[in-house]
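Enquirer: Below: one structure in structure tokens.
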């Protein structure tokens, strides 16, 4: 019997929702700016996006590498 924890289910649902929403790198970058605070969001909305876009791209690249490693170890 396969047991899936509530946390694992919520994370899988979150990933599925993100895929279905059509999330973009820019969306992730804006979310990172939001986590940094109101001034960062204001700067982002004013066009100062390169730092957050770079972080979002790096985040996705690392996550992709980790997923590929994990799948290679399955």
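Every number here is computed from the coordinates shown, using simple stated rules; none is lab data. Predicted, not measured: the structure shown is a model, and the values here were computed from it. FYI the Cβ positions are ideal-geometry reconstructions off the backbone, even for glycines, and counts take in every protein chain you see.
Enquirer: How high is the FRET efficiency from residue 9 to residue 50, r the C-beta distance, R0 25 Å, rounded to 0.05?
Expert: The computed FRET efficiency comes out at 0.10.
Enquirer: May I ask for the angle, rounded to the nearest 10°, between helix 6-21 and the longest principal axis of the chain, with both axes built from Cα atoms and the value confined to 0 to 90°?
Expert: For helix 6-21, the angle is close to 50 degrees.
Enquirer: When you take every Cα atom in the chain, what is the radius of gyration, and what is Dmax, the widest Cα pair distance, in Å?
Expert: Taking only Cα atoms of the chain, I get Rg and Dmax of 15.5, 52 Å.
Enquirer: Next question, about the same structure. Tell me what the chain gives for mean residue ellipticity at 222 nm when only DSSP H runs of n ≥ 4 count, each as -39,500 (n - 2.57), the sum divided by the residue total, rounded to 500 deg cm²/dmol.
Expert: Taking each H run of at least 4 residues, the total per residue is -26500 deg cm²/dmol.
Enquirer: Determine the relative contact order of the chain: mean sequence separation of Cα pairs under 8 Å and six or more apart, normalised by residue count, in whole percent.
Expert: Relative contact order for the chain comes out at 27 percent.
Enquirer: Quick check on the exposure proxy: order 26, 49 from fewest to most C-beta atoms within 10 angstrom.
Expert: Neighbour counts put them in this order, fewest first: 26, 49.
Enquirer: Among 71, 30, 11, 55, what is the fewest-to-most ranking by other Cβ atoms within 10 Å?
Expert: 71, 11, 55, 30
Enquirer: If neighbour count is taken as other Cβ atoms inside 10 Å, put 25, 7 in order from fewest to most.
Expert: Listing 25, 7 from fewest to most nearby Cβ atoms yields 7, 25.
Enquirer: Pick out which of 24, 64, 34 has the largest mean-square fluctuation in a Gaussian network model of the chain, springs linking Cα atoms closer than 10 Å.
Expert: 64
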